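Working notes, structure below.
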Amino acid sequence: QVQLVESGGGLVQSGGSLRLSCAASGISFSVYAMAWYRQAPGKQRESVAIITIGGTTNYAQSVKGRFTISRDNAESTVYLQMNSLKPEDTAVYYCNRYPVPNDYWGQGTQVTVSS
């Protein structure tokens with residue numbers, strides 16, 4: 001049974017930082033690229049940060065230079081360090097496999113950035 005449990009979200013002022021965590025179970029974590037996705041109200045879910053099996057990272061242009069994705073294969077956990085947050089980063093953040101997400105999505109973690 002696949003479980004993806006995201007945590008670490010919250011309310012932060014513009015310019016602040018948050019660190020998200022996603023604990024995965026029920027999947028062979030170390031053999032998949034993983035990604036952080038986000039969905040803002042009224043918008044489609046989008047990928048914002050990707051990390052390959054080997055640790056290569058890629059970022060959406062909107063977060064490049066501000067967000068850092070990392071993974072701990074021993075703990076089956078993926079992280080997202082978010083700095084210099086902006087109000088437009090407000091969304092529910094999810095983790096999942098990349099490029100083909102698992103059908104199961106966790107509950108996500110809400111990030112709200114106030115101006």
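The values are calculated or read from the model by the stated rules, or taken from the named source; none is laboratory data. From a predicted model like this one, the values you see are computed outputs, not experimental measurements. The protein model used for the area step is the full one, side chains on, heavy atoms only, and it has no ligands, DNA or RNA in it. Shrake-Rupley method; radii C 1.70, N 1.55, O 1.52, S 1.80 Å.
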Report task. Answer yes or no as to whether Q61 is outside any strand (DSSP E or B) and under 11 Å from C22 (Cα atoms). Result -> no
The range 1-46: strands (runs of 3 or more DSSP E) wholly inside it with 3 or more residues that are at pLDDT 95 or above and either open to solvent by less than 60 Å² (accessible area, probe 1.4 Å) or of a type in the set (D, E) (or both) are 3-7, 18-25, 33-39
_Condition met for G54 (open to solvent by less than 60 Å² (accessible area, probe 1.4 Å) and part of a loop (DSSP other than H, G, I, E, B))_ = no
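Conditions tested, residue by residue: (1) at positive phi; (2) in a strand (DSSP E or B); (3) under 15 Å from the mean Cα position of the chain (by Cα); (4) among the hydrophobic types (A, V, I, L, M, F, W, C).
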site	(1), (2), (3), (4)
A74	no, no, no, yes
Y79	no, yes, yes, no
L85	no, no, yes, yes
E88	no, no, no, no
V92	no, yes, yes, yes
C95	no, yes, yes, yes
N102	no, no, yes, no
W105	no, no, yes, yes
T112	no, yes, yes, no
Per the filter on the range 66-115, residues open to solvent by 30 Å² or more (accessible area, probe 1.4 Å) and acidic (D, E) are D72, E75, E88, D103
